[in-house]
Amino acid sequence: MNKLLAEEIYYNMVLGRTFELAAKEHYMAGDISGFLHLDIGQEGFSVAAMKAFEKGDVFTTYREHVMAIARGMDPRAVMAELFGKAGGISRGRGGSMHLFDPSHFFYGGDAIVGGQIPNAVGCAYARKFQGSEDGVMVIFGDGASNGGAFFESLNIASAQKLPLLFVCENNGYAIGTKITRVAPFEKQAKKAEPYMMTKEVDGMDAVAVYEAVREAQELIQAGHGPVFLEAMTCRYEGHSMSDPGTYRSKEEMGICKSKDAIERMESYLKTMYGLTDTQLQGVQRRAQATVDDAAAFAAAAAEPELSELFEDVFCKERVNASF
Amino acid sequence: MLYREALNRAIDETMAADGTVVVLGEDVGLYGGSYRVTEGLVAKYGEERLIDTPIAELSIVGNAVGMAMAGLRPVAEIMTANFSLLAFDQIINHMAKYRYMSAGKIALPMVVRFPQGVSRQLAAQHSESYEQMLSAVPGLIVLAAGDVNYAYHALKYAIMSDDPVVFIEHELLYNKKGEVDFDADIDPFKARIVKEGSDITIVSYLKMVDDVMEAVPQVEKELGKTCEVVDLCSLNPVDYKTLEASLKKTGRIVVVEEDHKTGGYGAQITSWAAEEMFYSLDAPPIRIAGEDVPIPYNRTLELAAIPTPEKIAKRIAEWGKTNGL
C-alpha cells in the first residue's frame, strides 16, 4: 500500500474512533438518543473496506457511522443526524442506524438484521443489467448469516452470477450471543462455500482488509460472479449503548484489544514509511478538530420543522402514466 | 379484453416505452405467469427483463427494492397473497420506509403485483386478503383493480410512478371481460362510480364490486329505492371526496368486503363515516364482510365464509327496512 493511501486510511480510522468516542459522550449527556451502535475496535475493517471498494455500491448495517464518513459523507451531517437535527444527512428522520447517501453510492444503514442483503442482490442485478462492472458490496454481521435472507441471497447471486461481494464482518457475537452457540461453526464463510469463492481476512489488519477487498472487487470486475469475504473483527463496546457487555470476560477483551487495528496501522506507517510519533499525533489532532467541529455543528443545528413530519412519505410529483 | 390481458398490455406498453422496466417473480418468464398475466412478454423482451426467480418471496421483493434503488422500475409478482407474508419484512421495513428514512434521497419506483382473495376451493393457505395490513403501512400506495379498464390504466400508472405501489388483483377476475378505453385519462386515485343512485351508497372494491352489482337489482326491488355503487379503486390514499359527495346525497352507507370482518379494511370506511359524516347519516353505517374463520376447502363452507350476492342483498334489504327505507 502506498504512503498516501496508508495515511488516508489511518486518518479515517483515527477520525472514526474519535467520532465514536464523542458520540458515546454525547449519548451519555443526552444529546443523542435511541439506539447507538459503536464501531470502536472495528474501524480498521470499516475504513479499509470503504476505501478499497471506492467504485461501486455499498449496502451495510446499522453500525455504519465510520463507514459513512470513510465513504465521504460529511462528519457534520453524520453527527447532526445522530443528534436528530435538520442538518443531519437524513434530516433527523433516520438517526444513527439510517445514514443514506446515494451520491456516494451508500445505501444505508439497515436496522433489520440481514434485510439489506436481498437489496444488494437486486442492486447487483441492476448494475449488471446496466452494463456497469464495478459491482456491489454488502456488509453484514455474523448474526445475519443465520437468517433466511442471507441464504436466499447466496443462492440467487450464485445462480445469476451477480457482481456482488458478500462481506461478513464476524465479531463473534450476535448482540450478546456467542456465534458458536447458535451456529455450527465459528467461521461463517463455510456457509457460502457451495455457492462461490470464499476468503478470510484478519479484520483487525486494515492493510490486509484493503488488499482482500481490492482483490475481490477485481475478480468481480473480471466477470467472476459473486465472492464471499469474511473479516474476523473485535467489537470493544457492547452491541449498543444499552448493552453493558457482561457476557465477555476480561481475558477475552484483553486478547481482543491487543490486536488493535489503529495501533497496528501506526506501526505499519512507522516501519514502512518512517512516520514519527509527532507526525501521528498531528493526524490525531486533525481528527479531533474535525470531530469537535462536527459536534459543535450538530449541537447548534436547528430542529426539523414540524411540517417535515409529512415530507417524503411519497414523492412530490407523481408521474403521469399517459404516454 | 380480459382483465389479465389488460394487465399484460399495461406491462407490455410500459416495457416497450421504458427500457428500465423489468418483471420478476415465480414463473413470470418462460411459463408466462401462473395467471398468464406475463404471457408472451419473454419472447419480446428477453429473460433479462422477465426474470424467473426461485420460490423465495423475501428475495423477490427485496431484490426489487435494490433494483429500484439502482434506477430500474421493477414489477415484482407475488404468486398469491399468502406467500407474500414471507416478504412482509421487505414490504414494510424496506419498500415503505426508505424514502422517508433517507429524507427523500432514495426513491423506489416499484410495483408489487398482488393476486389475492377467495378463488375456488384453494383452502386456507391460498385464499386470503391483506389489504387491511398493507393499507396500514404509511409509505405504500395500495391500489385494488376491480375493473378491466381500471386495471389497465392503474397498472400503467403504478409502473411509471416513483412511489412504491402494491397493486392488488383478485384471482377470480383474471378472466373477467371488459372494455378498455385506451385513450381515457384515468386518475388511479379516484373512486369509480359504478352505478348512480340516490338512497344508499354501497362501497366496495375488487371482486365484491361485481357481487354488489349482482345484488343491487334485488335490493332496489325490495326497498323501492336506488343504490349508488362505488368502487374504491385506491385503498390508500382513499378518495374521501367521492365518498362524501355520495353520502351527502344518499345519507346511508354500506361497505362490502370479502375479507374477515374483525380488523378488516372496511372498518376504516365506516369509522370515517361515523367520525366525519355523522350529521349526514340517516342510518347506522354497516359492513358486510367475511366470517372470522380460515377459508375452508369445501365449496359450501367456502361460500358460507364470504359475502355472496344473495347474502349482500338480504342484509342490505333487512337493514334498509329497519332504518326507514
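Brief remarks follow.
- Those residues of the stretch B:1-39 which are part of a helix (DSSP H, G or I) and free of Cβ contacts under 8 Å to residues at least 40 places away in the same chain, in sequence order: B:GLU5, B:ASN8, B:ASP12, B:MET15, B:ALA16, B:ALA17
- Test result for B:VAL42, farther than 17 Å from A:GLY115 by Cβ, assigned to a helix (DSSP H, G or I), touching a residue at least 12 places away in the same chain (Cβ under 8 Å) and in the same structural domain as B:MET160 (by TED's automatic domain parsing): yes
- Identity of the residue in the stretch A:281-304, closer than 18 Å to A:LEU4 by Cβ and in contact (Cβ under 8 Å) with a residue 40 or more places away in the chain, that ends up surrounded by the most Cβ atoms within 10 Å (Cβ to Cβ): A:ALA287
- Of all positions in the stretch A:14-31, at least one carries a residue that is outside any helix (DSSP H, G or I) and either at pLDDT below 95 or touching a helix residue (DSSP H, G or I) at 6+ places or on another chain (Cβ under 8 Å) (or both).
- Residue match in the stretch A:88-99 (condition: surrounded by 20 or more Cβ atoms within 10 Å (Cβ to Cβ), closer than 19 Å to B:GLU57 by Cα, at the interface with chain B (Cβ under 8 Å from one of its Cβ atoms) and without any contact (Cβ under 8 Å) to a residue 24 or more places away in the chain): no
- Applying a threshold of 7 Å to beta carbon distances and a minimum spacing of six or more residues, or different chains, the list of pairs starting in the stretch A:116-138 at a residue that is farther than 16 Å from B:LEU50 by Cα and facing chain B (nearest Cβ under 7 Å) and ending at one that is assigned to a helix (DSSP H, G or I) and of a type in the set (Asp, Glu) reads A:PRO118/A:GLU152.
- So B:SER129, is it in contact with an Asp or Glu (Cβ under 8 Å, 6 or more places away or on another chain) and either among the polar types (S, T, N, Q) or within 14 Å of chain A (Cβ to nearest Cβ) (or both): yes
- Residues of the stretch A:1-15 classified as in contact with a Gly (Cβ under 9 Å, 6 or more places away or on another chain) and more than 22 Å from A:GLN217 (Cα to Cα), total: 0
- Complete set of residues in the stretch B:157-171 that are in a loop (DSSP other than H, G, I, E, B) and facing chain A (nearest Cβ under 8 Å): B:SER161, B:ASP162, B:ASP163
- Enumeration of residues in the stretch B:114-141 that are more than 25 Å from B:GLU302 (Cα to Cα) and not in a loop (DSSP other than H, G, I, E, B): B:ILE141
- Among residues of the stretch B:45-75 being part of a strand (DSSP E or B) and over 23 Å from the mean Cα position of the chain (by Cα), the one that is nearest to the other protein chains (Cβ to nearest Cβ) is B:ILE51.
The values are calculated or read from the model by the stated rules, or taken from the named source; none is laboratory data. These figures come from a predicted structure and were not determined experimentally. Note: ideal-geometry Cβ built from the backbone for every residue, glycine included; neighbour counts use all protein chains shown.
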